[in-house]
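Structure record follows, encoded as structure tokens.
The values are calculated or read from the model by the stated rules, or taken from the named source; none is laboratory data. Because the structure is predicted, anything quoted here is derived from the model rather than measured. A quick note on method: Cβ atoms are made from the backbone with ideal geometry, for glycine too, and the neighbour counts reach across all protein chains shown.
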Amino acid sequence: MGKCGFCDTISTVRAAIADTWRPIITGGKDMRSKTAVQIALLSGAASLVGCTQGGKTGEQSGAASSGGELPEYIASFDQESVIGSPTIVDCTLSGGEESQCVSITVGPAPANQKIGPFCPRNIADGPEKSGIWLESAKVYDADGPFIERLAQFYDDPDFTLHDISTGNIRVTDSKIACEAAARPDVAEEYRNYCVECEVSYVEEGATQTYVIPLTPVNAESVSPRVSRSGVGLAFSGARFDAPAPTDAILAAHTLAPFDDCGGHVNTAVGYHLHAATDCLLTKDLVEGHAPKIGIALDGYPLLARLNLDGKEPEDLNMCRGHDLEGIGYHYHVDEPGSNAILPCHTGQTGCALSDPDAKCDASADAQRGPPPRG
């Protein structure tokens with residue numbers, strides 16, 4: 001079924017809810033330092049989520065629907081980014097729970113979001129020709145002057161991405177170069193490169209399908225990291241991914257800048273986000289609270305970091321979640337400079353699949369180790 005099928009599916013939902021779109025206010029690129037997360041306390045975070053008798057399943061307001069119906073948040077997605085019609089499928093969650101999930105398929109890039117720029121081409125290029133870099137809880141313009149100062153910034157004389165005589169910056173300019181520089185063991189010839197991949201490098205017809213529990217199920221213990229499938233899905237159709245492995249990137253004397261929306265491209269997933277900035281589609285919820293920007297892979301809503309008063313909620317748990325009347329349990333994303341949309345999930349997560357017809361078994365994915373580079 002084509003995109004018109006998706007429109008038919010959500011037409012009655014759209015009639016029942018109002019969509020108000022506007023930018024998120026993040027307070028600019030220079031963010032406060034990130035509060036340290038005590039991993040030892042993570043296992044207690046799940047107790048902060050309301051649940052039904054038995055402590056296993058908790059349906060929260062705004063998180064999911066019951067009875068096999070599509071959840072209301074489906075209407076908040078950019079329809080042009082969704083392929084076909086979202087459906088209800090059987091799934092196995094990360095903790096082994098057999099459940100029902102909503103399956104949403106998107107293409108390799110959001111349909112209505114400008115992507116890039118990433119790498120500047122010369123050390124004279126300003127921020128309008130470049131993306132951003134995340135370091136020490138701050139966001140930096142990855143422009144020409146920043147590239148020129150990398151050796152000083154990282155106190156490493158071998159970190160030089162530009163030609164000293166011309167000022168031209170070495171940038172990966174093909175799919176072969178992109179994949180050789182973006183892998184964990186960077187090819188020797190692409191060390192000291194600014195790594196930039198294009199959506200056109202992704203295999204034609206490639207999709208990503210996100211399988212998200214209809215009714216969130218609390219995790220018995222909370223993992224100290226986000227799984228390989230990522231954090232969740234933005235309403236724009238972009239994947240909210242796990243933290244970028246910046247240590248591996250820097251060890252090869254490479255830089256893989258993000259665009260101003262906090263995303264970049266790899267050939268496995270396409271465009272994906274490592275930071276939530278001020279250019280995401282949003283939907284208002286409770287008056288005065290932060291706007292909703294997507295859905296987490298455990299079925300709970302993802303909201304912007306700051307409330308409309310410019311302040312972060314003070315009662316967030318270790319996974320940056322809390323319960324609020326009128327919304328229920330939900331998350332607030334972390335500051336852009338943290339290189340972490342969320343540090344963890346309090347619920348059992350679903351899957352991100354490259355094959356839309358594959359069955360989701362997130363319990364197998366949970367045993368596979370940390371996410372790959374990207």
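When only residues in the range 281-318 that are touching a helix residue (DSSP H, G or I) at 6+ places or on another chain (Cβ under 6 Å) and among the aliphatic types (A, V, I, L, M) count, which is farthest from ALA352 (Cα to Cα)?
So, considering only residues that are touching a helix residue (DSSP H, G or I) at 6+ places or on another chain (Cβ under 6 Å) and among the aliphatic types (A, V, I, L, M), the one farthest from ALA352 (Cα to Cα) is MET318.
Can you work out which of the residues in the range 262-280 that are more than 20 Å from ALA352 (Cα to Cα) and out of contact with any strand residue (DSSP E or B) (no Cβ under 7 Å at 6 or more places or on another chain) is surrounded by the most Cβ atoms within 10 Å (Cβ to Cβ)?
That would be THR277.
Please enumerate the residues belonging to the range 212-233 that are within 14 Å of the chain's Cα centre (by Cα) and surrounded by fewer than 23 Cβ atoms within 10 Å (Cβ to Cβ).
Within the range 212-233, ARG225, ARG228 meet the criteria.
So which of ARG191, ARG183, ARG170 ends up being out of contact with any strand residue (DSSP E or B) (no Cβ under 7 Å at 6 or more places or on another chain), within 21 Å of ARG121 (Cα to Cα) and outside the structural domain of GLU98 (by TED's automatic domain parsing)?
Residue meeting the stated conditions: ARG191.
Listed here are the residues, each with its yes/no results for (1) at pLDDT 95 or above; (2) more than 22 Å from GLY131 (Cα to Cα); (3) among the aromatic types (Phe, Trp, Tyr); (4) assigned to a strand (DSSP E or B).
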position: GLU189; (1), (2), (3), (4): yes, yes, no, no
position: VAL211; (1), (2), (3), (4): yes, yes, no, yes
position: PRO224; (1), (2), (3), (4): no, yes, no, no
position: LEU233; (1), (2), (3), (4): yes, no, no, yes
position: ASP247; (1), (2), (3), (4): no, no, no, no
position: ASP260; (1), (2), (3), (4): yes, no, no, no
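Within the range 214-228, is even one residue touching a residue at least 60 places away in the same chain (Cβ under 8 Å) and more than 21 Å from MET318 (Cβ to Cβ)?
yes
Among the residues of the range 144-181 satisfying the criterion of being part of a helix (DSSP H, G or I), aliphatic (A, V, I, L, M) and over 26 Å from the mean Cα position of the chain (by Cα), which is farthest from VAL202 (Cα to Cα)?
Across the range 144-181, the extreme among qualifying residues is ALA151.
Specify which of the listed residues (ALA109, ALA177, ALA142, ALA151) is surrounded by fewer than 20 Cβ atoms within 10 Å (Cβ to Cβ) and of a type in the set (Gly, Ala, Ser).
That would be ALA151, the only listed residue that is surrounded by fewer than 20 Cβ atoms within 10 Å (Cβ to Cβ) and of a type in the set (Gly, Ala, Ser).
Would you kindly identify the strands (runs of 3 or more DSSP E) lying entirely within the range 292-338 that contain at least 3 residues that are over 13 Å from the mean Cα position of the chain (by Cα)?
Passing ranges, in order: 321-324, 328-332.
Can ILE176 be described as among the β-branched types (Val, Ile, Thr) and in contact (Cβ under 8 Å) with a residue 12 or more places away in the chain?
no
Here are ILE104, ILE132: which of them is assigned by TED's automatic domain parsing to the domain that holds HIS253 and modelled with pLDDT of 95 or more?
ILE132 is the lone residue from the list that is assigned by TED's automatic domain parsing to the domain that holds HIS253 and modelled with pLDDT of 95 or more.
Conditions (1) of a type outside the set (D, E, K, R); (2) touching a helix residue (DSSP H, G or I) at 6+ places or on another chain (Cβ under 6 Å), marked per residue:
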{"residue": "ILE74", "(1), (2)": "yes, yes"}
{"residue": "THR87", "(1), (2)": "yes, no"}
{"residue": "LEU93", "(1), (2)": "yes, yes"}
{"residue": "PRO117", "(1), (2)": "yes, yes"}
{"residue": "ASP125", "(1), (2)": "no, yes"}
{"residue": "LEU150", "(1), (2)": "yes, no"}
{"residue": "ASP155", "(1), (2)": "no, no"}
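Name the single residue that is modelled with the lowest pLDDT among those in the range 266-320 being of a type in the set (Gly, Ala, Ser) and out of contact with any Gly (no Cβ under 9 Å at 6 or more places or on another chain).
Top of the filtered list is GLY288.
Quick check on my filter: what residues within the range 84-115 are more than 14 Å from GLN208 (Cβ to Cβ) and part of a strand (DSSP E or B)?
THR87, ILE88, VAL89, ASP90, CYS91, THR92, GLU98, SER99, GLN100, CYS101, VAL102
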